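Peer 1: Dropping the structure in here first, questions after.
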Amino acid sequence: MTPTDFVRLAQEWRDQDPDPVTRAELDAILEQEDLAALTDRFGAKLEFGTAGLRGELGAGPNRMNRVTVMRAAAGLARVLGPGRHVVIGYDARHNSDVFAADTAAVLTGAGLRASVMGGKWPTPVLAFAVRHLGADAGVMVTASHNPPRDNGYKVYWGDGAQIVPPLDQEISAAIDAVGRVDELPLGEGWATLGHGDIVEPYLKALTTLPIGDVRDIAVAYTPLHGVGGATLSKAFRAAGFEVPVMVGRQAAADPDFPTVSFPNPEEPGAMDLALELAAATHADIVLANDPDADRCAVGARLAGGGYRMLTGDEAGGLIAEHVLRHTSGADRLVATSIVSSSLLAKIAADHGVRYAETLTGFKWIMKTGPGLVFGYEEALGYSVGSDAGLPVHDKDGIGTALTVAGLAAAAKREGRTLLDLLDDQARRYGLHATGQLSFRVADLSLIGRAMERLRATPPVELAGRTVESAEDLAEGAAGLPPTDGLRYRLSGDARVVVRPSGTEPKLKCYLEVVVPVEDDVAAARVRAAEDLDALRKDLAAVLGL
């Protein structure tokens with residue numbers, strides 16, 4: 001497009017934009033004749049996919065703003081049709097409440113029925129609400145653990161799970177067909193859901209989880225400036241636990257996340273204040289939610305003092321075995337994604353239950369079939385169930401926190417810790433050590449070129465291990481739908497998966513080594529750490545990033 005085209009597009013966008021802030025942003029760019037800024041905002045657009053929309057706040061189709069959100073709501077309305085019911089939730093990020101109200105106005109204007117959460121509540125509350133209220137769809141305005149400048153828009157269907165193809169393409173096509181948003185009919189008569197309408201039923205549903213009957217556990221907790229704190233405290237109180245002691249500086253919801261670089265429990269430094277609080281209060285375990293509380297991080301006290309955060313795979317293995325010991329039935333199913341540890345398959349076999357492996361994304365885990373009692377992803381996402389089923393058909397950081405507290409309390413009664421339970425699993429199944437290598441880029445084309453290099457010249461050896469098989473997941477593998485990724489199986493029971501992130505400008509590499517354990521678990525952990533470091537070094541050289 002020519003500079004004239006960009007100016008025309010910007011003017012058309014500005015003239016339909018109901019937000020004075022983003023209108024002023026475009027006026028300033030147009031006045032300065034800033035072609036780079038125009039190209040960045042209008043040379044591409046946020047693509048609606050299975051994760052909905054997610055991106056930086058600002059003006060134009062390549063940003064999250066009121067026009068983008070109203071177009072998305074209008075597209076969703078066209079796919080659903082008049083008379084359908086949509087539940088809408090929102091977190092505490094910048095403009096989340098505004099985007100939720102815009103969604104409700106567009107949906108009701110199109111003849112649908114909308115129910116908007118009456119507070120800034122966690123994402124799992126929204127996912128629960130869709131099924132509890134018998135709604136046809138749900139919308140959650142959140143960017144989860146992304147940086148402060150971002151926001152997002154997640155769509156759930158009537159089963160309470162995030163959408164999967166081809167529904168995302170259908171909604172995307174409907175969005176593309178939407179005209180000017182200032183010509184959309186807007187309604188006003190949506191319902192507002194109170195705490196008693198949805199949060200209290202959600203909390204009651206969580207009490208069916210396998211949390212056991214022991215409550216003696218001291219917990220240090222942080223919501224990382226998000227919306228999880230109040231709901232988690234109520235959940236612990238309702239289940240009979242003492243309310244966790246909370247990091248004061250991170251307790252209140254704050255869209256700027258002032259104490260952390262990234263509001264993600266996995267990021268370096270994000271857990272520092274929680275670990276300091278745990279040490280000061282002699283907590284048994286440390287728990288954290290990400291800002292929308294659909295993820296849960298877990299830490300345990302070391303025998304010699306201090307604490308260690310568990311990886312998502314370590315926590316996943318412990319929770320899986322706990323759930324299987326507290327549920328019954330021959331038709332039970334556990335599931336995880338292709339980038340998570342292979343440990344879950346061994347646990348499933350040992351307990352005589354079914355196991356499924358899916359593409360990355362909880363939407364796929366929720367589609368694995370009936371009988372699902374536990375699903376998880378290595379990125380701290382878990383859905384915990386019981387014989388009564390899954391309360392939430394998505395990641396649930398609140399329910400997970402309750403389950404971990406019950407698990408840790410039972411271990412404490414026996415004079416043991418979560419770390420002791422990890423050692424037990426290592427002896428039984430072998431030490432499954434996992435790690436990541438991630439590259440955050442400013443130029444997304446770098447990720448595409450790195451994937452092209454790997455496809456053109458796949459490695460034959462990594463860290464002294466022979467590459468025994470190389471699978472291009474874009475061609476479909478093991479019966480899975482095609483996705484942009486590569487999976488390598490290495491000699492000596494190791495595995496590498498490389499894929500672009502679906503929500504952030506990152507190339508992510510998932511590593512696993514399995515080390516046999518005889519007696520000395522500590523020595524096996526040292527060896528596994530060395531093996532993972534060697535894989536990271538060789539893989540970084542191969543990728544050239």
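The values are calculated or read from the model by the stated rules, or taken from the named source; none is laboratory data. Bear in mind that the values here come from a model prediction, so they are computed numbers and not experimental data. Methodologically, a virtual Cβ is constructed for each residue, glycine included, from the backbone with ideal geometry; neighbour enumeration extends over all protein chains shown. For accessibility, only protein heavy atoms count, side chains too; no ligands or nucleic acids. Shrake-Rupley method; radii C 1.70, N 1.55, O 1.52, S 1.80 Å.
Peer 1: Relative contact order of segment 463-545: what whole-number percent is it, with Cα pairs under 8 angstrom and at least 6 residues apart?
Peer 2: Once divided by the residue count of segment 463-545, the mean separation gives 20 percent.
Peer 1: To check you understand DSSP bridge types, tell me what percent of the beta bridges within the chain (both residues inside) are antiparallel, rounded to 5.
Peer 2: 65 percent
Peer 1: Here are several values of semi-axes √(5λ) of the Cα gyration tensor in Å: (1) 38, 29, 22; (2) 71, 49, 22; (3) 36, 32, 19. Which one was derived from the coordinates shown?
Peer 2: Given (1) 38, 29, 22; (2) 71, 49, 22; (3) 36, 32, 19, the calculated one carries the label (1).
Peer 1: Divide, for segment 426-487, the radius of gyration over alpha carbons by 2.2 N^0.38 Å, where N is the residue count.
Peer 2: It is 1.40.
Peer 1: Please compute the modelled spin-label separation between E33 and T281, points set 7 Å along Cα→Cβ, answer in nm with one decimal.
Peer 2: The modelled label-to-label distance comes out at 5.9 nm.
Peer 1: For segment 118-210, how big is the tail of P(r) above 22 Å, as a whole percent of Cα pairs?
Peer 2: Roughly 43 percent, rounded to a whole number.
Peer 1: So for each of 91-97, 163-169, 20-26 I average, over its residues, the number of other beta carbons within 10 Å; can you give me the resulting order with the highest mean first?
Peer 2: Packing proxy ranking, top to bottom: 91-97, 20-26, 163-169.
Peer 1: Follow-up question, since we're still on this one. Once phi is turned into ³J(HN,Hα) by the Karplus curve 6.51 cos²θ - 1.76 cosθ + 1.60 with θ = phi - 60°, what whole-Hz value does each residue of segment 148-155 show in order, with x for glycine and proline?
Peer 2: x, 6, 9, 8, x, 8, 9, 10
Peer 1: Is the shape of segment 324-437 rounded, prolate or oblate, going by the alpha carbon gyration tensor and its root eigenvalues a ≥ b ≥ c, with a/c under 1.5 for rounded and a/b larger than b/c for prolate?
Peer 2: Rounded, since a/c falls under 1.5.
Peer 1: Counting only protein heavy atoms, what percent of the accessible surface of the chain is carbon or sulfur at a 1.4 Å probe?
Peer 2: The computed percentage sits at 51.
Peer 1: Pairwise over distinct Cα atoms, reciprocal of the mean inverse distance: report the Kirkwood radius of segment 298-373 in Å, one decimal place.
Peer 2: 13.4 Å
Peer 1: I would also like to ask the following. Around V139, which amide H atoms from residues at least 5 apart in sequence, or from another chain, sit under 5 Å from its own amide H, with H modelled in the peptide plane?
Peer 2: The list, which skips near neighbours in sequence, is V87, I88, G89, Y156.
Peer 1: Still on this structure, I have one more. Which entries of K204/K234; K234/K367; K395/K508 show an alpha-carbon separation above 22 angstrom in the structure shown?
Peer 2: Flagged as over cut-off: K234/K367.
Peer 1: Then there is this: When the Karplus curve 6.51 cos²θ - 1.76 cosθ + 1.60 is applied with θ = phi - 60°, which whole-Hz ³J(HN,Hα) does each residue of segment 226-243 get, with x for Gly and Pro?
Peer 2: So the Karplus estimates, Gly and Pro as x, are x, 9, x, x, 5, 5, 5, 4, 5, 5, 5, 5, 5, 8, x, 8, 5, 5 Hz.
Peer 1: Take the alpha-carbon centre of segment 200-268, take the same for segment 34-107, and report the distance between them in whole Å.
Peer 2: Going from one Cα centre to the other spans 29 Å.
Peer 1: If you count, for each residue, the other Cβ atoms within 10 Å and average over each peptide, how do 407-413, 302-308 line up from highest to lowest?
Peer 2: In descending order of packing, they fall as 407-413, 302-308.
Peer 1: Can I ask one more? How big is the C-alpha Rg of segment 89-133 next to the rule-of-thumb value 2.2 N^0.38 Å, as a ratio?
Peer 2: Rounded to two decimals, the normalised Rg is 1.16.
Peer 1: With label points built 7 Å along Cα→Cβ from the Cα atoms of T2 and E530, find their separation and express it in nm.
Peer 2: 6.6 nm
Peer 1: Please list, in order along segment 327-339, the HN-Hα scalar couplings obtained from phi with the Karplus expression 6.51 cos²θ - 1.76 cosθ + 1.60 (θ = phi - 60°), rounded to whole Hz, x for Gly and Pro.
Peer 2: My calculation for segment 327-339 gives 10, 9, x, 6, 9, 5, 9, 10, 8, 8, 9, 5, 9 Hz in order.
Peer 1: Report, in whole Å, the centroid distance computed from the Cα atoms of segment 382-408 and segment 277-340.
Peer 2: About 11 Å separates the Cα centre of segment 382-408 from the one of segment 277-340.
Peer 1: State, in angstrom, two size descriptors of segment 450-545 derived from its alpha carbons: Rg to one decimal place and Dmax to the nearest whole number.
Peer 2: Answer for segment 450-545, Rg first and Dmax second: 14.4, 44 Å.
Peer 1: Relative contact order for the chain: what percent, with Cα pairs under 8 Å and sequence separation of 6 or more?
Peer 2: 11 percent
Peer 1: Return one whole number: the accessible area per residue of the chain in Å², for a 1.4 Å probe.
Peer 2: 38 Å²
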